[in-house]
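Worksheet: one structure, shown below.
The values are calculated or read from the model by the stated rules, or taken from the named source; none is laboratory data. What you are looking at is a predicted structure, and each value in this text was computed from that prediction instead of being measured. Cβ coordinates were reconstructed from backbone atoms using ideal geometry, including for glycine residues, and neighbour counts include every protein chain displayed.
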Amino acid sequence: MNSILEYIDYRLFLKDYYLYQKQRFKYFSYRFFAKKAGIKSPTFYKEVTEGKKNVSRNMIDRFCRAFNFNPKEAAYFKNLVLFNQAKTAAEKQEHYVVLRSMENSKSEHVLNPDQYDYFARWHTVVIRELVTMFDFKGHWEMLAQCVRPAISAQEAKASVELLLRLKLIEMTASGAYTQKDSAITTQSGIASLAIRHFNRAMITKAIESLDEVPKSQRNIFGLTIGISPNMFDLISSEMEAFKDRIVTMVSRDQKSSRVYQLNVQLFPVSAETVPYNQKGTSKQ
């Protein structure tokens with residue numbers, strides 16, 4: 001079984017640990033673990049793995065003792081639990097810093113700091129598109145000034161170095177840059193945290209564009225709609241299909257000259273209510 005240091009989801013670790021111990025010892029059970037950890041409820045472990053309950057700070061120590069963790073493993077497990085259960089981005093960041101400080105103890109594919117940094121700095125994503133559109137010939141100030149809002153030459157250079165390290169771009173014989181893959185996807189828990197920061201930054205820039213970008217160069221609209229849970233799932237599927245079509249269209253565009261950001265959001269702006277026959281749509 002993999003070390004706790006190779007996990008980024010503590011509930012997945014709990015599931016794997018239970019299955020592993022069950023295969024090794026026939027007597028192992030949820031009740032056995034509860035007794036070993038000093039937990040009154042024999043089903044608590046199972047309820048945690050199913051996401052029905054969380055592990056409190058006081059309970060974390062009991063779990064660590066039952067797992068026979070050494071101090072380093074216990075520290076990692078504690079921050080992993082708090083990271084997974086955090087309710088705010090600030091809390092997640094706090095515990096992520098500790099997890100990242102222990103990065104040399106984990107496999108790269110589990111927690112890759114560079115993967116986090118790619119999304120954490122919004123301009124790196126923009127730079128990845130820009131460097132393939134024109135040959136700036138190593139003039140970092142020129143590249144930096146092409147980003148809106150402009151960044152520093154040092155930031156532009158750091159982004160290119162990161163992209164090269166991640167093998168997301170490569171330098172040609174002429175000194176220009178090309179993308180190794182046209183699209184990037186990730187399912188990492190850490191990357192998801194970074195993506196939230198990235199989306200937050202880009203949504204803020206969408207707000208700023210209302211005043212700073214001419215209407216002829218932007219297309220922003222919104223719909224306020226009353227829908228059912230089933231319709232939410234249907235619209236979400238349509239959004240995914242739309243995203244896939246856009247990616248396909250863009251990959252065929254051979255004359256790119258500018259980087260755009262496309263945001264599509266669907267989120268609740270009211271509490272859940274009892275269904276009613278009448279509904280309307282407001283366009284913005």
Review point. So is Ser256 modelled with pLDDT of 90 or more and over 14 Å from Pro268 (Cα atoms) or not?
Key: no
Note on Gly175: of the conditions (1) at pLDDT below 90; (2) surrounded by fewer than 11 Cβ atoms within 10 Å (Cβ to Cβ); (3) closer than 22 Å to Leu262 by Cα, unmet is (3)
Inset, instruction - Restrict the check to region 102-117 and report whether at least one residue is at pLDDT 90 or above, among the hydroxyl-bearing types (Ser, Thr, Tyr) and out of contact with any Pro (no Cβ under 6 Å at 6 or more places or on another chain). - result: no
For Ser29, the lone unmet condition from (1) over 20 Å from Arg196 (Cβ atoms); (2) touching a residue at least 60 places away in the same chain (Cβ under 8 Å) is (2)
Cβ pairs under 8 Å, 6+ apart or interchain, first in region 126-140 and among the aromatic types (Phe, Trp, Tyr), second loosely packed, with under 14 Cβ neighbours inside 10 Å, ordered by first then second residue, are Phe136/Met142; Trp140/Gln154
Picking from Leu130, Leu143, Leu166, Leu162, the residue that is within 18 Å of Arg258 (Cα to Cα) and within 25 Å of the chain's Cα centre (by Cα) would be Leu130
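Looking only at residues in region 61-90 that are among the small types (Gly, Ala, Ser) and without any contact (Cβ under 8 Å) to a residue 60 or more places away in the chain, which one is farthest from Tyr20 (Cα to Cα)?
Across region 61-90, the extreme among qualifying residues is Ala90.
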Restricting region 120-142 to residues that are in contact with a Phe, Trp or Tyr (Cβ under 6 Å, 6 or more places away or on another chain) and among the aliphatic types (A, V, I, L, M), the one surrounded by the most Cβ atoms within 10 Å (Cβ to Cβ) turns out to be Val131
Of the residues in region 234-259, those that are more than 27 Å from Ala144 (Cβ to Cβ) and outside any helix (DSSP H, G or I) number 1
Of the conditions (1) closer than 22 Å to Ser101 by Cα; (2) in contact with an Asp or Glu (Cβ under 8 Å, 6 or more places away or on another chain); (3) not aromatic (Phe, Trp, Tyr), the single one that Glu73 does not satisfy is (2)
Across region 120-144, the tally of residues that are part of a helix (DSSP H, G or I), over 14 Å from Thr178 (Cα atoms) and touching a Ser or Thr at 6+ places or on another chain (Cβ under 8 Å) stands at 3
Within region 76-92, residues being modelled with pLDDT under 85 and surrounded by 14 or more Cβ atoms within 10 Å (Cβ to Cβ) number 1
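Among the residues of region 60-68, is any of a type outside the set (Gly, Ala, Ser), under 27 Å from the mean Cα position of the chain (by Cα) and farther than 16 Å from Ser3 by Cβ?
Yes, some residue in region 60-68 is of a type outside the set (Gly, Ala, Ser), under 27 Å from the mean Cα position of the chain (by Cα) and farther than 16 Å from Ser3 by Cβ.
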Within region 200-231, the residues that are surrounded by 13 or more Cβ atoms within 10 Å (Cβ to Cβ), of a type outside the set (A, V, I, L, M) and either assigned to a helix (DSSP H, G or I) or on the phi > 0 side of the Ramachandran plot (or both) are Lys205, Ser209
When every residue in region 50-61 that is in a helix (DSSP H, G or I) and either modelled with pLDDT of 95 or more or aliphatic (A, V, I, L, M) (or both) is compared, the one farthest from Val98 (Cα to Cα) is Met59
Within region 195-210, residues touching a Lys or Arg at 6+ places or on another chain (Cβ under 9 Å), among the hydrophobic types (A, V, I, L, M, F, W, C) and modelled with pLDDT under 85 come out as Phe198
query: Does region 37-50 contain any residue that is of a type in the set (D, E, K, R) and in contact with a helix residue (DSSP H, G or I) (Cβ under 7 Å, 6 or more places away or on another chain)?
result: yes
The correct count of residues that are outside any helix (DSSP H, G or I) and surrounded by 16 or more Cβ atoms within 10 Å (Cβ to Cβ) in region 149-158 is 1
